[in-house]
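Read the structure below first, then the notes.
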Amino acid sequence: VEILWLFLVCLRASLLSLGGQSALPLLRQDLVSSGLTTDAQIIDALAIGRVTPGPGGLYIVVLGYFAMGLGGAVAALVATVIPPLLVLPLAAYLRPRLSSRRVDGAIRGAALSTSALVLVTTVDLIAADPDGWEVWQWLVLTLAVGIAIQGRAHPIVIIGIGAAMALVLSLPW
Amino acid sequence: MRRYLVTRHGWLTPEEFVQDWTLAKTSPGITLVALAALIGSRLDGRRGVVAALAGLLGPSAAIVIVVTIGFASVRDMEVVAILLDGVGPATLGMTIALAVIFIRSAIRQGSARLVDLLVVAVAFAAGVALGSPIPVILGGTVLGWAFLGESRPSRVANVEDADGDGPVPRVDP
């Protein structure tokens, strides 16, 4: 029964998102409030989703694993694959209407609001860190935003920079 | 993906690829999954969809699960905890960057730009105030449907960016 619930949570989050990342606010709301995953695990899942090959949205599969092991990962994968497939039956209807005012506006409204919610979730995740952040961690965040917006460096490089800074600063100087 | 399908094999024309990419971006869930399904369907119907999804998700989901299992087994080591102090901010920085890129690709030019940025600000405030994403997503989509449309998309799909999840250039290893 719990697996079915996880499947429905991932399905709903994916259905109400544009692009994998915008499912994040709904997933966090459902999975963290139910105690199935922690905020730290959400960040871990995002990191794994970014450094592994394939769509970054597969962080949802990682969350499924954290919540309920291998069965959870499979349930999350299936739930994540179904919503984008809706584009197939809708393609014939949508193709001629992609340039219509209403469709264009609805997509824009959804993109802007879901992106704003991702930013809210990011702020929440930072605020939820029980230890609070040190100055160098804010520096890593700023650096990561700057590099990632340029879009030229692979996520592994950006995550490597953060990990390297953490390691260097932890040494007994 | 574009280089392989359009340039090297000539299975799709550049126009067909742009059309599928634009459609995929309007689909719920992971953009790359929708794109793979559309292209698979174009090339070989249902068999094409299955083949495309198996190719896109089979290896990558397997790698994600293996990496997750590996990660879960070392998560509690002290050195990993130290590294994660830096990985977290780097990951959240990339998450912010993706949201910013998504917003940038969705906002219109000219004076409508201010309206769109206001929508982002209001959605952010509503997300914080309500603490629940669904009303914000639905509100944003309906608001967009009613007021934010242009009869022609404000921005032509950037085909060179089409290798990633969402509107983000992503370098696959």
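The values are calculated or read from the model by the stated rules, or taken from the named source; none is laboratory data. A quick note: this is a predicted structure, and the numbers were derived from the prediction, not measured. Quick reminder, even Gly has a Cβ in these numbers, built from the backbone with ideal geometry, and neighbours come from all protein chains shown.
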Point to revise | Residue within segment A:44-65 that is touching a Lys or Arg at 6+ places or on another chain (Cβ under 7 Å), without any contact (Cβ under 8 Å) to a residue 12 or more places away in the chain and either not charged (D, E, K, R) or not in a helix (DSSP H, G or I) (or both) present | key: no
Check your understanding: Quick one: how many residues across segment B:60-76 are more than 23 Å from the chain's Cα centre (by Cα) and facing chain A (nearest Cβ under 7 Å)?
Key -> 1
Exercise for review: Answer with yes or no whether B:V122 is among the aliphatic types (A, V, I, L, M), within 17 Å of A:R108 (Cβ to Cβ) and either touching a helix residue (DSSP H, G or I) at 6+ places or on another chain (Cβ under 9 Å) or modelled with pLDDT of 95 or more (or both).
Suggested key: yes
Study note, to complete from the structure: Scanning segment A:69-99 residue by residue, the ones that are more than 7 Å from chain B (Cβ to nearest Cβ) and either farther than 22 Å from A:A23 by Cβ or basic (K, R) (or both) total 4
Exercise for review: Would you be able to tell me the number of residues in segment A:119-163 that are more than 7 Å from chain B (Cβ to nearest Cβ), aliphatic (A, V, I, L, M) and farther than 28 Å from B:G127 by Cα?
Suggested key: 3
**Study point:** Extreme residue, surrounded by the most Cβ atoms within 10 Å (Cβ to Cβ), among residues of segment B:108-133 that are in contact with a Leu (Cβ under 8 Å, 6 or more places away or on another chain) and facing another protein chain (nearest Cβ under 7 Å)
**Key:** B:P133
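Determine if segment A:62-69 includes at least one residue that is closer than 16 Å to A:I158 by Cβ and modelled with pLDDT of 95 or more. Break it down stepwise before answering.
Taking segment A:62-69 first, the residues closer than 16 Å to A:I158 by Cβ are none.
No; the residues of segment A:62-69 include none that is closer than 16 Å to A:I158 by Cβ and modelled with pLDDT of 95 or more.
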